[in-house]
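Here's the structure we're looking at; comments come further down.
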Amino acid sequence: MSLLIGILTFVLIITSLFLVLVVLMQRAKTDGGMGSAMGGGSMESTFGAETGNVLSGATIKAAIIFFVVSFTLYLAHIYQSKHLVAADSKLPQVISAPAATSAPAPVKPVTPVPGAAKKP
């Protein structure tokens, strides 16, 4: 699933860049602005008088692709988060008790033996 998300993310980035460039290449209604600086004049010589129609169509198609891929990525991330089973994210089901250790035997206090303390 992460491979699909990676591929869709790459397609979204390429589509975003293409959409920005196509919008910037369009000529404004006043025949000035950023469209002429980004090559609007050369687009007219390439596509002829139909430049506005070609760029408008490309903008519409790129916008549709952008929104479809964005929504698909959204659904893929939701699917991945719902079905992700990581070992670190789960709480342990059974808590095992530590091994029982035997308590040491109680030590009896040593009582002094009379006469054992004296040495010759």
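From the list 46, 51, 59, exactly one residue is part of a helix (DSSP H, G or I), surrounded by 16 or more Cβ atoms within 10 Å (Cβ to Cβ), at pLDDT below 85 and β-branched (Val, Ile, Thr). Which is it?
When all the criteria are applied, what remains is 51.
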Residue, nearest to the chain's Cα centre (by Cα), within the range 14-28, restricted to residues that are crowded, with 16+ Cβ neighbours inside 10 Å and among the β-branched types (Val, Ile, Thr) = 15
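The values are calculated or read from the model by the stated rules, or taken from the named source; none is laboratory data. Fair warning: this is a prediction, and the values are worked out from it, not measured in the lab. So basically every Cβ, Gly included, is an ideal-geometry build from the backbone, and we count neighbours across all protein chains shown.
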